[in-house]
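A.B. asks: Quick one: structure below, then a few questions.
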Amino acid sequence: MQKIISNAMREQIAIEYLVKKFNRLGVSSVKIDKTPLGIKVVIFAYKPNLIISRYSNLLKEASSKIGQIFNIEPPRIDVEGVENPLLDPEIVADSIAFNIFRFGPMKYKVIAHKALDNTMKAGARGAEIEIGGVLKERAAHFKFRPNGGVLPKSGQVEQYGVRKASKQLLLKRGMIGIKVTIVTNKPMPGEVRFKDGGETGRSGDGTPKNEHKENTGAPAS
């Protein structure tokens, strides 16, 4: 039992290390599997070719570090692309954080609405973006949702394709928190789909272009 716990802790440390090291390169997730030939490490990223071609030195450093964590020879690290980055909350949250850093916190509304538009056009059933922190003169919390989308909040939401990610961005005026929730186009429990991709039992998301709901939380004292 102690060995199992130790291995699980090492795996978690390794995943956190890789996510942090490649965070600015659009990393979605990291998978570590044990095989008869050793440890297999896969990084899922928005632009895998960019990491492989331009940041191969980072991969070598990461491989050496992973070897130290597991007390083995440096393993090979593969980088694979994400099927649809606009439906990946980790990548969407990274994009929002980058744009707020680039254009400033006063542009948070434009940035959030644009991210929602792109996510819904990519086929999401629903989405929600939360941004909180010192965006203006004082701390506040805002929620953005598209009109007509679905967003399960209770029960086993993973069955409905609900995925979440959170990011923090440190600016001169303070910390900004970003939380992205996306309902992917995974079939709902009990839903019937035709072979050509059509569906029965539910309507479209009905989201008019550039029309979103915005809930403004009370400013923090």
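Just so you know, all these numbers are worked out from the coordinates, no wet-lab data involved. Given the structure is predicted, the values throughout are model-derived calculations rather than measurements. Cβ: placed from backbone, ideal geometry, glycine included. Neighbour counts: every protein chain shown.
A.B. asks: I want to check the label-to-label distance for N118 and K60. Put each point 7 Å from Cα in the C-beta direction and report it in nm to one decimal.
C.D. replies: About 3.3 nm separates the two model spin labels.
A.B. asks: Filter the cross-link list K47/K107; K65/K179; K114/K167; K121/K164 down to pairs whose alpha-carbon distance in this structure exceeds 23 Å.
C.D. replies: Table pairs above 23 Å Cα-Cα are K47/K107; K65/K179.
A.B. asks: Towards the positive end of the charge dipole of segment 1-133, with charges on Cβ (+1 Lys, Arg; -1 Asp, Glu), say which of G104, Y46, Y17 has the farthest Cα.
C.D. replies: Result: G104.
A.B. asks: Stretch E158-K20 to full length: gain in nm at 0.36 nm per residue minus the Cα-Cα span?
C.D. replies: 47.2 nm
A.B. asks: Suppose every K and R has +1 on its Cβ and every D and E has -1 on its Cβ; what is the size of the dipole of segment 2-81 about the Cα centre, in Debye to the nearest 20?
C.D. replies: Computed about the Cα centre, the dipole is about 140 debye.
A.B. asks: Under the 0.36 nm per residue contour assumption, what length would be gained going from the current alpha-carbon distance of K40 and Q2 to full extension?
C.D. replies: 11.4 nm
A.B. asks: Which is farthest toward the positive dipole end of segment 77-181 among A124, G81, F144, measuring Cα position about the Cα centre, with Cβ charges +1 (Lys, Arg) and -1 (Asp, Glu)?
C.D. replies: With unit charges placed on the Cβ atoms, the residue in question is F144.
A.B. asks: Across segment 170-180, in residue order, what do the Karplus-derived ³J(HN,Hα) couplings come to in whole Hz, using 6.51 cos²θ - 1.76 cosθ + 1.60 with θ = phi - 60° and x for Gly and Pro?
C.D. replies: Karplus values, whole Hz, x for Gly and Pro: 9, 10, 4, 7, x, 8, 10, x, 10, 10, 10.
A.B. asks: Quick one: 3J(HN,Hα) in Hz for segment 72-89, Karplus 6.51/-1.76/1.60 with θ = phi - 60°, rounded, Gly and Pro as x.
C.D. replies: In residue order, the calculated couplings are 9, 5, x, x, 6, 10, 8, 10, 10, x, 8, 4, 9, x, 6, 10, 9, x Hz.
A.B. asks: Mind giving me the nanometre distance, one decimal, between the label points for F101 and R173, set 7 Å out from Cα along Cα→Cβ?
C.D. replies: Between F101 and R173, the label points sit 1.8 nm apart.
A.B. asks: What list of ³J(HN,Hα) values in whole Hz, one per residue of segment 135-152 in order, does the Karplus curve 6.51 cos²θ - 1.76 cosθ + 1.60 (θ = phi - 60°) give from phi, with Gly and Pro shown as x?
C.D. replies: 8, 10, 6, 8, 5, 8, 9, 10, 10, 10, 9, x, 5, x, x, 10, 8, x
A.B. asks: Hand me the GluC sites (Glu not before Pro) from segment 121-191 located in a DSSP loop with no more than 10 other Cβ atoms within 10 Å, in residue order please.
C.D. replies: E137
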